[in-house]
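Quick note: the coordinates plus some simple rules give every number you see, no bench work behind them. Keep in mind that what you see is a predicted model, and the values were worked out from it rather than measured. Heads up, the Cβs are rebuilt from the backbone with ideal geometry, glycines too, and the neighbour counts pull from every protein chain shown.
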């Protein structure tokens with residue numbers, strides 16, 4: 001639940017698709033199944049007029065989704081959106097739209113049997129869940145399939161001539177997946193972090209350079225350290241073991257000394273000590 005949701009769920013183009021698809025689905029749903037006792041709102045009008053009035057109601061209710069998704073897109077420009085936050089956001093949309101339909105069906109139409117507002121709200125929750133969650137689920141599956149298909153196409157386009165040098169290159173994307181810098185593995189020294197930012201330290205023309213990027217060490221650990229000499233040695237550090245000259249144990253802790261004299265000693269915390277030693281033995285041949 002504390003994991004970050006996929007970026008395709010809050011991309012602007014996909015948000016627009018979601019709003020339009022949900023509106024069409026809701027319009028068909030209310031005209032085919034006629035929930036919320038909606039046919040009783042206008043019992044003496046034609047089907048065409050009912051379709052017209054129901055369209056206005058649906059479009060007005062969809063403003064809840066539009067406003068909600070604008071807030072989400074704005075929020076994700078500066079913050080990560082976690083699974084539990086996204087779930088609460090969707091639940092909030094269901095409740096907000098249910099309140100809208102409850103108030104509308106209770107106070108606006110003066111025709112039809114009177115019902116308690118709590119009964120209307122409970123029924124609205126059920127129907128609104130269908131109206132929102134079903135099209136949401138369909139689009140989420142589609143977005144996931146499309147992203148995996150696009151990734152597969154990129155992989156299949158790569159021939160054997162460009163696969164070999166890729167093993168020696170490390171690409172660093174930001175939190176939205178956009179690659180900001182690519183560094184030869186032999187030039188990469190270490191990465192340290194503070195809050196949601198990471199600083200990449202590398203050799204550039206025999207001098208140590210730095211590059212600041214918005215991404216987490218957790219993501220880098222999960223995606224960049226496999227089958228490479230990179231290892232997380234501390235909650236704030238990832239180090240390239242190929243650049244480690246000395247592993248030193250002192251009364252103050254364990255430290256890694258790098259080959260370059262202009263780099264600080266990198267601490268190894270107790271939490272990461274075992275995995276560092278395991279990987280160190282594999283890459284110190």
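Using 1/(1 + (r/R0)^6) with R0 = 35 angstrom and r between the beta carbons of residue 145 and residue 260, what's the FRET efficiency to the nearest 0.05? Efficiency computed from Cβ-Cβ geometry: 0.15.
For residue 186 and residue 235, the difference between the fully extended length at 0.36 nm per residue and the C-alpha to C-alpha distance is 15.3 nm. An ellipsoid equivalent to segment 7-157, defined through the eigenvalues of its Cα gyration tensor, has semi-axes of 34, 17, 12 Å when rounded to whole angstrom and sorted largest first.
Compute the relative contact order of the chain as a whole-number percentage, counting only Cα pairs closer than 8 Å that sit 6 or more residues apart in sequence.
On the way: 316 pairs, mean separation 35.2, N = 285.
Relative contact order of the chain: 12 percent.
For segment 7-157, the relative contact order works out to 37 percent when only alpha carbon pairs closer than 8 Å and six or more residues apart are counted.
Rounded to the nearest 10 degrees, the angle from helix 83-107 to the longest Cα principal axis of the chain is 10 degrees.
Using R₀ = 22 Å, calculate the FRET efficiency as 1/(1 + (r/R₀)^6) where r is the Cβ-Cβ separation of residue 107 and residue 134; round to 0.05. Numbers along the way, then the final one.
Values: r = 28 Å, r/R0 = 1.26.
Between residue 107 and residue 134 the formula returns 0.20.
Overall shape of the chain was characterised from the C-alpha gyration tensor. The equivalent ellipsoid obtained from it has semi-axes of 56, 20, 14 Å, in decreasing order.
When each of the peptides 231-240, 12-21 is scored by the mean number of other C-beta atoms lying within 10 Å of its residues, the order from highest to lowest reads 231-240, 12-21.
Please give the length that would be gained between residue 53 and residue 176 if that part of the chain were fully extended, namely 0.36 nm times their separation in residues minus their C-alpha to C-alpha distance (nm, one decimal). Mind showing how you got there, number by number?
Values: separation 123, 0.36 × 123 = 44.28 nm, distance 4.10 nm.
Full-extension gain reported as 40.2 nm.
Here the mean projected area of the convex hull built on the C-alpha positions of segment 188-285 is 6.4 nm².
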